1. Hey, any hits in region 21-32 for a residue that's among the small types (Gly, Ala, Ser) and more than 30 Å from residue 167 (Cβ to Cβ)?
2. Output the number of residues of region 1-26 satisfying the condition of being charged (D, E, K, R), crowded, with 16+ Cβ neighbours inside 10 Å and not in a helix (DSSP H, G or I).
3. In this structure, is residue 82 touching a residue at least 60 places away in the same chain (Cβ under 8 Å), on the phi < 0 side of the Ramachandran plot and not assigned by TED's automatic domain parsing to the domain that holds residue 13?
4. Mind checking which pairs have a first residue in region 143-155 that is touching a residue at least 60 places away in the same chain (Cβ under 8 Å) and a second that is surrounded by 12 or more Cβ atoms within 10 Å (Cβ to Cβ) and among the acidic types (Asp, Glu), Cβ under 8 Å, 6 or more apart or different chains?
5. Among the candidates 94, 118, 80, single out the residue that is modelled with pLDDT of 95 or more, in a helix (DSSP H, G or I) and either over 16 Å from residue 150 (Cβ atoms) or under 19 Å from the mean Cα position of the chain (by Cα) (or both).
6. For the subset of region 33-48 comprising residues that are surrounded by 11 or more Cβ atoms within 10 Å (Cβ to Cβ) and small (Gly, Ala, Ser), which member is nearest to residue 161 (Cα to Cα)?
7. State whether the residues of region 140-160 include one that is of a type outside the set (A, V, I, L, M, F, W, C), farther than 30 Å from residue 27 by Cα and assigned to a loop (DSSP other than H, G, I, E, B).
8. Only one of 2, 98 is among the polar types (S, T, N, Q) and farther than 21 Å from residue 161 by Cα. Can you tell me which?
Amino acid sequence: MSAKGEQTRNHILEEAYKLFAQKGFKQVTMKDICESTKLSRGGLYRHYAGTDEILSEILSRDYVIADQIEQGFSARKILEELLGALKEEMLDSEKSLSLAIYEYASLGNEDFFIHVNEQAKKRWNSLIRYGIETGEFKKVDCEQITDVILYSYQGIRMWSRVIPLEKDTVDHIVNMIRELLL
């Protein structure tokens, strides 16, 4: 794909992310995405066949953890970047895809979410193992810590759609993850 085509796809994903976070999955149409991206219907359909394909790609995007580990970045630095991103997402309910994810899963896409969850577990496990190997993290049970991180985060993201989270609450969670690992 050309650089311009890749740029357009990224723009579509960024705008669609905002719409899914705001409206959920079922309420977002390709027309909404056309309006938000300023693309014609043909321009949008050149890249994606429908909203399900767009949400699926948003949720499948890989994180750069593997690349950073391969390049020898500090495990602590990678963790701090991840915790910063998690903290920002937890505090900003406008960035939550929880409703969209729930709606999308309820349409028979459970297998997709099992795959997405397994990929997230692999990423966290690889970071934790890397941190232990470099001596930057405590020797912990990677599977247990990964479950605590993922399911705490996912639960908080869901709750943040319903109740406002206090900054202190988010700080407590992030600090507890730090204490478990560092």
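1. no
2. Qualifying residue count, region 1-26: 0.
3. Here the answer is no, as residue 82 does not meet what is asked.
4. none
5. Result: 80 is the single residue among 94, 118, 80 that is modelled with pLDDT of 95 or more, in a helix (DSSP H, G or I) and either over 16 Å from residue 150 (Cβ atoms) or under 19 Å from the mean Cα position of the chain (by Cα) (or both).
6. At the first step, the residues of region 33-48 found to be surrounded by 11 or more Cβ atoms within 10 Å (Cβ to Cβ) are 33-37, 39, 41, 43-48.
Pick out the ones that are also small (Gly, Ala, Ser) and you get 36, 43.
Working: 36: 22, 43: 32 Å.
Per the criteria, the residue is 36.
7. Yes, that holds for at least one residue.
8. Sole residue among the options that is among the polar types (S, T, N, Q) and farther than 21 Å from residue 161 by Cα: 2.
The values are calculated or read from the model by the stated rules, or taken from the named source; none is laboratory data. Treat the numbers as computed from the prediction; the structure is a model and nothing was measured. Note: ideal-geometry Cβ built from the backbone for every residue, glycine included; neighbour counts use all protein chains shown.
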